[in-house]
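Trainee: Pasting in a structure now, in structure tokens, and then I'll have a few things to ask.
No lab work stands behind these numbers, since they all come straight from the coordinates. If you're wondering where the values come from, they're calculated on a predicted model, not measured in any experiment.
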Amino acid sequence: MTESVENLILEHLRHIRGRVDQMAEDLGTVKLRLSSLESQVVGLHGDNAIAHQRMDRIEGRLERIERRLDLFEPA
């Protein structure tokens, strides 16, 4: 009787260990994907900053053009 109980316990422990190993592997995959997403977000922020710089330059040029054509209204 005790031998069958021990075998049953060992079988459950093997199953638990297998699940834990699978979860550890899945967690590693999730970490890799999260790192990739973080890198992409950083890239988007950089692209956004570049777009804002370009808009600021265009705004400055437009203000100069308006002043030269006397279209500029002082605030």
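Trainee: Applying the Karplus parametrisation 6.51 cos²θ - 1.76 cosθ + 1.60 with θ = phi - 60° to the phi angles of the range 25-37, what ³J(HN,Hα) value in whole Hz is obtained for each residue in order, glycine and proline being reported as x?
Mentor: Coupling constants for the range 25-37: 5, 4, 5, x, 5, 4, 4, 4, 5, 5, 4, 4, 5 Hz.
Trainee: In Å, what Kirkwood hydrodynamic radius results for the chain from the alpha-carbon pair distances?
Mentor: 18.4 Å
Trainee: Per-residue ellipticity at 222 nm for the chain, helices alone: DSSP H runs ≥ 4 residues times -39500 (n - 2.57), over residue total, nearest 500 deg cm²/dmol?
Mentor: That comes out to -34000 deg cm²/dmol.
Trainee: On to the next question. Just to check I understand the Karplus step: with θ = phi - 60° and J = 6.51 cos²θ - 1.76 cosθ + 1.60, what whole-Hz values come out for the range 44-61, glycine and proline as x?
Mentor: For the range 44-61, the Karplus curve yields 5, 5, x, 4, 5, 5, 4, 4, 5, 4, 5, 5, 4, 5, 5, 4, x, 5 Hz.
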